Amino acid sequence: MIEYISIKKRGEQGGSLSHGSPFAGKGKMKKTAVVTDSNSGITQKEGEKLGIRVLPMPFYINGELFYEDISLSQKQFYERLDDDADISTSQPSPGSVTDLWDEVLRDYDELIHIPMSSGLSGSCEAAEVLARDYGGRVFVVDNQRISITQRQSVLDALEMANSGMTAEEIVPVLMREKLESSIYITVDTLKYLKKGGRVTAAGAAIGTVLGIKPVLQIQGGKLDAFAKVRGMKTAKKTMLDAMEKDINERFAGHRVHIAAAHTCLDDEAEEWRHEIEARFPGYEIHMDPLSLSVSCHIGRGAVAIACSRVIEY
């Protein structure tokens, strides 16, 4: 099971916006909704609790259509993955997007739609085209985020909307912060990277024999190589070192949200949690399932860690 870990210092208040924001109360207060897709890792149940609408991403398994967290659960997904089923992701249909928007706009004046990065999918560009027919009531944000950093953007947008900011005020903030995040990932098996064409068959075979674990990074919405190391223990240390360097240098003087994800079993997940706690003491850790859209490209046993800068006012 993949899980999401959000970390903030114990004793800190969540977020840094308030009703005293200089943006709050300017002009007529508008009801602004926040919409995202299941690539964010936000489940349908959690979305209901938060007041966020989540567009389920479609999957094809051996030619049959499924929707994440609607007709395809985490357990079912991994059972099919273990059976070596042919699994592929797809963009949401235009109708599914506009139907959701139409429903939301019956109760809200406007909405902010935060899809996965345009660097990883065409669904963002498609949404931007659809939004043109909504007379300025739909704002699509391409802030180059995916998974756990995308999730943080959604939570930031929700907090700003709740503070009284309008979509026209929120979107520039999200775009300003779009590159202020980092994700590092390592995988337990090279099988799925080979399937996706990111590792050659020969490279995967040699890497498996030698116990090579690639460490990948996502910055600006694209997946790139970061390092190649021997063994999972070294790979985890490499990621933790990289994250600590980012926090101390790249984000020096700023607070950050730290997050992590994995496709491990529960006991392995707890082990990863403890390793993060040990490296970054004094932080509260929260876990949530991660999107299956990433899982189908990395398989079981993968771990990741991410950070994004806290929005300050």
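Looking at region 36-51, I want the residues that are without any contact (Cβ under 8 Å) to a residue 60 or more places away in the chain and have a partner that is crowded, with 24+ Cβ neighbours inside 10 Å and assigned to a strand (DSSP E or B) with Cβ atoms under 7 Å, at least 6 apart or on another chain. Which pairs are those?
If the second residue must be crowded, with 24+ Cβ neighbours inside 10 Å and assigned to a strand (DSSP E or B), the pairs left are Q44/V54; G47/V54.
Quick check on this structure: which one of T234, T208 is at pLDDT below 80, closer than 18 Å to V303 by Cα, assigned to a helix (DSSP H, G or I) and not hydrophobic (A, V, I, L, M, F, W, C)? Full working, then the answer.
On the way: T234 fails: at pLDDT below 80.
Selected residue: T208, the only one of T234, T208 that is at pLDDT below 80, closer than 18 Å to V303 by Cα, assigned to a helix (DSSP H, G or I) and not hydrophobic (A, V, I, L, M, F, W, C).
Quick check: is even one residue across region 247-259 closer than 25 Å to L81 by Cβ, modelled with pLDDT under 95, over 19 Å from the mean Cα position of the chain (by Cα) and among the aliphatic types (A, V, I, L, M)?
no
Any idea which of (1) within 20 Å of the chain's Cα centre (by Cα); (2) in a strand (DSSP E or B); (3) at pLDDT 90 or above is the one Q217 doesn't satisfy?
Status for Q217: all satisfied but (3).
Restricting region 57-85 to residues that are part of a loop (DSSP other than H, G, I, E, B) and of a type in the set (D, E), which is surrounded by the most Cβ atoms within 10 Å (Cβ to Cβ)?
The first filter runs over region 57-85 and keeps only residues part of a loop (DSSP other than H, G, I, E, B), leaving 57, 62-63, 69-71, 73, 83-85.
Going one step further and asking which of them are of a type in the set (D, E), we end up with 69, 83-84.
Working: D69: 20, D83: 10, D84: 9.
Among them, the one singled out is D69.
Looking at this structure, is I298 aliphatic (A, V, I, L, M), at pLDDT below 85 and in contact with a strand residue (DSSP E or B) (Cβ under 9 Å, 6 or more places away or on another chain)?
Details: aliphatic (A, V, I, L, M): yes; at pLDDT below 85: yes; in contact with a strand residue (DSSP E or B) (Cβ under 9 Å, 6 or more places away or on another chain): yes.
Taking the combined requirement at face value, the residue satisfies it.
Quick grid of which residues meet (1) closer than 29 Å to C124 by Cα; (2) in contact with a Gly (Cβ under 7 Å, 6 or more places away or on another chain); (3) in contact (Cβ under 8 Å) with a residue 60 or more places away in the chain:
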residue: V215; (1), (2), (3): yes, no, no
residue: R230; (1), (2), (3): no, yes, no
residue: T238; (1), (2), (3): no, no, no
residue: G253; (1), (2), (3): no, no, no
residue: H262; (1), (2), (3): yes, no, yes
residue: D266; (1), (2), (3): no, no, yes
residue: I276; (1), (2), (3): no, no, yes
residue: R279; (1), (2), (3): no, no, no
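The values are calculated or read from the model by the stated rules, or taken from the named source; none is laboratory data. Predicted model only: the values in this text are computed from it and were never measured. Note: ideal-geometry Cβ built from the backbone for every residue, glycine included; neighbour counts use all protein chains shown.
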